[in-house]
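Q: My structure is below; once you've seen it, I'll send some questions.
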Amino acid sequence: MKATGMERGGAAAATGAEIFVVGVGVGDPGPAPGAGEILARAGLVAAAERFRPLVPPGCRWVPVAPVAAALERVGAWRGPGPAVVLASGDPLFFGIGRRLLEAFGPGRVAVIPAVTSIQRACAAFRIPWDDMAFVSLHGRGDDILPALAPALLPGRPVKAAVLTDAGHGPERVAAALAELAPRDLRLHVAEDLGGPGERLSSFALEEAAARRFHPLNVVLVTGPAQGPPPAFGRAEAAYATDGGLITKREVRAVVLAFLELAGAGVLWDVGAGSGAVSVEACGLVPGLRAFAVERDPRRIEHVRRNRARFFVPGLVPVAGEAPAALAGLPDPDRVFLGGGAGRPGLLDAVLPRLGRGGRLVATAATLETLHRLLEGFSGRGFRTEVTEVQAARGRALGGGTGLSGLNPVFVVAARREPAA
């Protein structure tokens, strides 16, 4: 069998690449093994300031940030010599390699990886990483917990690596986790790996939250399972509630089915009460961000307590009254209207922000609310489906078991009609 170019000479020889993304190992003085010759004949190098000493004499250097400007210069380079982009560790692991491949395609780009900071940190702390979850906080917003959600699964041991940035350091990660679940979690922080200020430290959450760290760091989070395994239709007694104000378990299960949650996205839970729908949605879909909007301060505190009790970092409590409280939220893919579903003006505020293919599910305990909901969808390009949920629960009766009916609830599920 004839050897391919990749089998003969590796990725660089195989592609005839014009752009090389070269990893620089953490604490190493030079580029990844095998990349020295490529770097030596480079005509243009895009790199962070700290990698500038690696740029050969006479070679043109451009800063790698802002990334869009660097990509434009790299893509326009036509020699002499190849364009090289220097990146920390493995450029395809939360790195610029993805952006370059998306911009220019694998025919023009070759990648030569080095050892990543996470590999080095795991080796230093003697923590196997083949079963670890990974999260990057680079460029994220202020709310850290939803970003961590895919790596923190309820009912399973915690083992996650977190790539931080200047705005999301170990102290902020620790503070966010302490708010969610301060039970037996540990932060292992590797600072300035391979550099003169290298330090390896392990902390309880409250200890790490009170410290400041070197700007170059990697965070590993470990600990036992937090919260029960994911479930839906839990008994009402499992939740902290305001006088039992909660969507009944039978209705909750139907609502979650009609929402048809995807693998990620944004859910608005408006009139959240205890937040039970959001809790169960986030447990079932770790990549989901659920914004539980509730106007009553006592109930928003119950939402926070239930978020910690069931270990669902993707749930974001939002204190305020809809529709005003919805203004600053990201547009939803799914919406659940629980308390106050028929409130005047609510659908007018929600429906324009629900993207095509999105779904809205609402509950109504009265015929009047059902009528207002159906009238609110009329002429807006939504297909609606109405289901009445009637359930009865067993109770002791004369030495046997009788049935006690719950109040019937209407569930309205609406989906945007496809574009003509």
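The values are calculated or read from the model by the stated rules, or taken from the named source; none is laboratory data. Being a predicted model, the structure only gives us computed values, none of them experimental. Cβ placement follows ideal geometry from the backbone for every residue including glycine, while neighbour counts extend to all protein chains displayed. These accessible areas exclude ligands, DNA and RNA; they are computed on the full protein's heavy atoms, side chains included. Shrake-Rupley method; radii C 1.70, N 1.55, O 1.52, S 1.80 Å.
Q: At R0 = 35 Å, how high is the FRET efficiency between Ala69 and Ala123 if r is their beta carbon distance? Nearest 0.05 is fine.
A: Using R0 = 35 Å, I get an efficiency of 0.50.
Q: Calculate one ³J(HN,Hα) per residue across the range 211-228 by plugging θ = phi - 60° into the Karplus curve 6.51 cos²θ - 1.76 cosθ + 1.60, and present them in order as whole Hz with x for glycine and proline.
A: Once rounded to whole Hz, the list reads 10, 10, 10, 4, x, 9, 8, 10, 10, 10, 10, 9, x, x, 4, 10, x, x.
Q: Based on Cα coordinates alone, diagonalise the gyration tensor for the range 166-269, multiply each eigenvalue by 5, take square roots, and list the semi-axes in whole Å, largest first.
A: Numbers: eigenvalues 301, 51, 28 Å².
In descending order, the three semi-axes are 39, 16, 12 Å.
Q: Would you mind working out the magnitude of the charge dipole of the chain relative to its Cα centre, with +1 at each Lys and Arg C-beta and -1 at each Asp and Glu C-beta, to the nearest 20 Debye?
A: 340
Q: If Lys and Arg each add +1 and Asp and Glu each add -1, what is the summed charge of the other residues whose beta carbon sits under 15 Å from the beta carbon of Gly139? Write down the numbers at each step before the final one.
A: Details: positive: Arg98, Arg99, Arg140, Arg172; negative: Asp142, Asp143, Asp165.
That sum, taken over residues with Cβ under 15 Å, equals +1.
Q: Here's something else I'd like to know. Please identify every one of the GluC sites (Glu not before Pro) in the range 367-420 that sits in a loop by DSSP and has no more than 14 other beta carbons within 10 Å of its own beta carbon. Walk me through the intermediate numbers first.
A: Values: sites: Glu368, Glu375, Glu385, Glu388; in loops: none.
Filter output for the range 367-420: empty list.
Q: Still on this structure, please answer the following. Just to be sure I understand: if I project the alpha-carbon convex hull of the range 21-175 onto a plane and average over all orientations, what area do I get in nm²? Intermediate values should be presented prior to the final figure.
A: Details: hull surface 41.9 nm².
Mean shadow area of the hull around the Cα atoms is 10.5 nm².
Q: Oh, and also: Tell me, what is the per residue accessible area of the chain in Å², probe radius 1.4 Å?
A: 46
Q: When a/c reaches 1.5 or more, the comparison of a/b and b/c decides; with that in mind, is the range 279-417 rounded, prolate or oblate per its Cα gyration tensor? Could the numbers behind the result be given before it?
A: Values: a/c = 1.90, a/b = 1.22, b/c = 1.56.
Here the range 279-417 falls in the oblate category.
Q: ³J(HN,Hα) across the range 289-301 via Karplus (A = 6.51, B = -1.76, C = 1.60, θ = phi - 60°), whole Hz, x for Gly/Pro?
A: Whole-Hz 3J(HN,Hα) from phi for the range 289-301: 10, 10, 9, 8, 9, 8, 8, 7, x, 5, 6, 5, 5.
Q: Per residue of the range 100-109, in order, report the coupling 6.51 cos²θ - 1.76 cosθ + 1.60 (Karplus, θ = phi - 60°) as ³J(HN,Hα) in whole Hz, putting x for Gly and Pro.
A: 5, 5, 5, 6, 10, x, x, x, 9, 10
Q: Another one. Add -39500 (n - 2.57) for each DSSP H run of 4 or more in the chain, then divide by its residues: what number comes out at 222 nm, to the nearest 500 deg cm²/dmol?
A: Value at 222 nm, helices only: -7500 deg cm²/dmol.
Q: If I take the Cα coordinates of the range 134-226 and project them onto the principal axes, what are the three extents in Å, biggest first?
A: Dimensions of the range 134-226 along the principal axes of its Cα atoms: 40, 26, 22 Å.
Q: Taking 25 °C and 0.890 mPa s as the conditions, I'd like the Stokes-Einstein D for the chain in µm²/s, using the Kirkwood hydrodynamic radius from alpha carbon pairs.
A: Roughly 100 µm²/s, to the nearest whole number.
Q: Around Ile19, under 15 Å between beta carbons, what's the net of Lys plus Arg minus Asp minus Glu among the other residues?
A: Net of charged neighbours comes to +4.
Q: Also: I'd like the antiparallel share, as a percent to the nearest 5, of DSSP beta bridges with both residues in the range 1-160.
A: 5
Q: Next up: What ranking of Asp192, Asp131 comes out by heavy-atom accessible area, probe 1.4 Å, highest first?
A: Descending accessible area places them as Asp131, Asp192.
Q: Please list the non-local residues whose amide H lies under 5 Å from the amide H of Gly265, H modeled 1.01 Å from N, same-chain partners needing a gap of 5 or more.
A: Answer set, sorted by chain and number: Arg289.
Q: So what's the range 196-350 giving for Rg/Rh, alpha carbon basis, Kirkwood Rh from the mean inverse pair distance?
A: Reported Rg/Rh, Kirkwood definition of Rh: 1.06.
Q: What length, rounded to one decimal in nm, is gained on full extension from Ala231 through to Ala391, with 0.36 nm per residue of separation minus their alpha-carbon distance?
A: Working: separation 160, 0.36 × 160 = 57.60 nm, distance 1.97 nm.
Full extension of this stretch gives 55.6 nm more.
Q: Per residue, how much space in cubic angstrom lies within the convex hull of the C-alpha atoms of the range 118-183?
A: Convex hull volume per residue, Cα atoms: 101 Å³.
Q: Please compute the alpha carbon radius of gyration of the range 347-386, then divide it by the globular-protein estimate 2.2 N^0.38 Å. Two decimals is fine.
A: Relative to the rule-of-thumb radius for its length, the range 347-386 sits at 1.15.
Q: Here's something else I'd like to know. Would you mind computing, in nm to one decimal, how far apart the modelled labels at Ala76 and Ser378 are, each placed 7 Å from Cα along Cα→Cβ?
A: Those two pseudo-labels are separated by 5.8 nm.
Q: Can you give me the % of accessible surface on the range 184-224 that is carbon or sulfur? Probe 1.4 Å, all protein chains present, nothing else counted.
A: Carbon plus sulfur share of accessible area: 51 percent.
Q: Roughly how far apart, in whole Å, are the Cα centres of the range 363-420 and the range 20-56?
A: 62
Q: Among bridges DSSP assigns within the chain, what percent are antiparallel (round to 5)?
A: Antiparallel bridges make up about 50 percent of those DSSP assigns within the chain.
Q: So for the pair Glu49, His214, with labels modelled 7 Å out along Cα→Cβ, what separation do we get in nm?
A: The modelled label-to-label distance comes out at 1.8 nm.
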